[in-house]
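**Q** After the structure tokens below, expect a handful of questions from me.
What follows draws every value from the coordinates through simple rules; no lab data is involved. All values derive from a computational prediction rather than experimental measurement. All Cβ positions, even for glycine, are placed from backbone atoms using ideal geometry, and neighbour counts span all protein chains on display.
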Amino acid sequence: MRPFVLMLSLLLPASVAVAAGSTAPVPGAAQVEAEMQRLMQATHAQGLALAVIDRGKVVQVHALGRRNVAGEPLQAETVMYAASLTKTAFAYMVMQLVDERVLDLDRPIGDYLDRPLPDYPAEKKYAPWPDLKDDPRWRTLTARMLLSHRSGFSNFAFLEPEGRLRLHFDPGTRYAYSGEGLILLQFVLERGLGLDVGAEMQRRVFDRFGMRRTSMTWRADFAGNLADGWTMEGTTEPHDERSRVRAAGSMDTTLADIARFSAGLVRGDGLSASARQEMVRAQWPITTASQFPTLQDELPPAQRRADLAAGLGVVVFDGPQGHAFYKGGHDDAVGNTLVCVERGQRCVVILGNDVRAEAAFPALVQYVLGDTGAPWTWEYGNKAFAR
């Protein structure tokens, strides 16, 4: 039995396993907290925060464990690192610009710039665009490709040999997760359209949903109630005070705040029906066995999960309860997930300030929502659960 499947079978309670595919009401708050405590003990996770959205409303908010090595309690208002959940919030903001016809998803990004992309000098905030000077394929890139991870870039340029940015395939022709693609779209909005992405996120997302303790960069007032993190080895890492807006993952947030955003997203607040539909429809099939390593070989067609596809800022799938979408977030000391089922506007959003908590995510989501069909093995592969 594969390590992921073995651990999942050990973590899932029998009462949940038989409820696969059910759309029954979510368990009560006391039951959810008891399940969280059980799974924290099983995974040794030090802190875990979880919110439940049902019929588009936040109905439960839980925070258990500790936020730092001093043992101070994790709370719903504790500031935590959102990691790649930032990408979903950024995509939501971008789709407002699409609604307003400020941005066209299918217009080449070069049309928005006053000079060719490689002519912009390299700077610390962005990828080294001059590296693309001998590859004209960058001219075919569009916002749709960047939001659906079809840019052709690796995840980040600094992971490349000698840190040089390059295109690994013709843009738009396959899925390969790339934070650099989101950062390029940020560049287009800032340099091409003259927008301040941090300010736009504040106005269009955080203010809209009353996310008072959420920001794309560090704020001094976060320090009083802040989560540090724990690694797979059980060592602590201090919260990173990020000073640069990064569309790929600089957002700090709280469980209470991200729950409000998730509820608004599943309702479709702030977007036209067509823009909301674009976010969560299948833009392009996902054809790899797992999300990472990115740029891995594609599976033979017969081995691919036919319902798994890239949306815009999310991954979409069709499970036992119908159409759904999700997004994960991860670093060495953080594990997050957001899973939403369109039917009943139901979501679970989880923030863990201990990366070991990720091992509990499949069981927790299934306990609350029943079997959604979320692609856990694709998201995490086997390595994270084999330790």
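**Q** I'd like the Kirkwood hydrodynamic radius of the stretch 198-263, using the inverse of the mean 1/r over distinct C-alpha pairs, in Å. Write out the running numbers ahead of the final one.
**A** Working: mean 1/r = 0.0780 Å⁻¹.
Evaluated over the stretch 198-263, this radius sits at 12.8 Å.
**Q** Where a ≥ b ≥ c are the square roots of the eigenvalues of the C-alpha gyration tensor, would you call the stretch 98-157 rounded, which needs a/c under 1.5, or, failing that, prolate if a/b is larger than b/c, or oblate?
**A** prolate
**Q** Could you tell me which of rounded, prolate or oblate describes the stretch 133-173, using a ≥ b ≥ c as the square roots of the eigenvalues of the alpha-carbon gyration tensor, with rounded for a/c under 1.5 and, failing that, prolate when a/b is larger than b/c and oblate otherwise?
**A** Oblate.
**Q** Please check: in the Gaussian network model of the chain (C-alpha springs, under 10 Å), which one of ASP307, ASP207, ASP135 has the largest mean-square fluctuation.
**A** ASP135
**Q** How much length would be gained if the chain were fully extended between GLN37 and ARG244, taking 0.36 nm per residue of separation minus their Cα-Cα distance, in nm to one decimal?
**A** Length difference between fully extended and current span is 71.0 nm.
**Q** Principal axis lengths of the stretch 231-387 from Cα atoms, whole Å, largest first?
**A** 41, 40, 33
**Q** Now for a separate question. DSSP loop (so not H, G, I, E, B), at most 15 other Cβ within 10 Å: list which trypsin sites (Lys or Arg not before Pro) in the stretch 312-384 pass both filters.
**A** ARG343
**Q** Measure nothing fancy, just the Cα-based angle from helix 29-43's long axis to the longest principal axis of the chain, in degrees from 0 to 90, nearest 10.
**A** Approximately 80 degrees, to the nearest ten.
**Q** Let me ask something additional. Can you tell me which of GLY319, GLY210, GLY198 moves the most in a GNM of the chain? Springs connect C-alpha atoms under 10 Å apart.
**A** GLY210
**Q** Something else now. At 37 °C and 0.692 mPa s, what whole-number value in µm²/s does Stokes-Einstein give for the translational diffusion of the chain, with Rh from the Kirkwood sum over Cα pairs? Let's see the in-between values first.
**A** Numbers: Rh = 21.1 Å.
In µm²/s, the coefficient rounds to 156.
**Q** Using Cα-Cα distances under 8 Å and only pairs 6 or more residues apart, what relative contact order does the chain have, in percent? Could the numbers behind the result be given before it?
**A** On the way: 836 pairs, mean separation 99.9, N = 387.
Here the relative contact order equals 26 percent.
**Q** Given N residues in the stretch 206-313, what is Rg(Cα) / (2.2 N^0.38 Å)?
**A** Normalised Rg, Cα atoms only: 1.39.
**Q** Test of understanding: what is the full-extension gain from ALA24 to ASN382, defined as 0.36 nm times their sequence separation minus their Cα-Cα distance?
**A** The ALA24-ASN382 span can extend by a further 125.8 nm.
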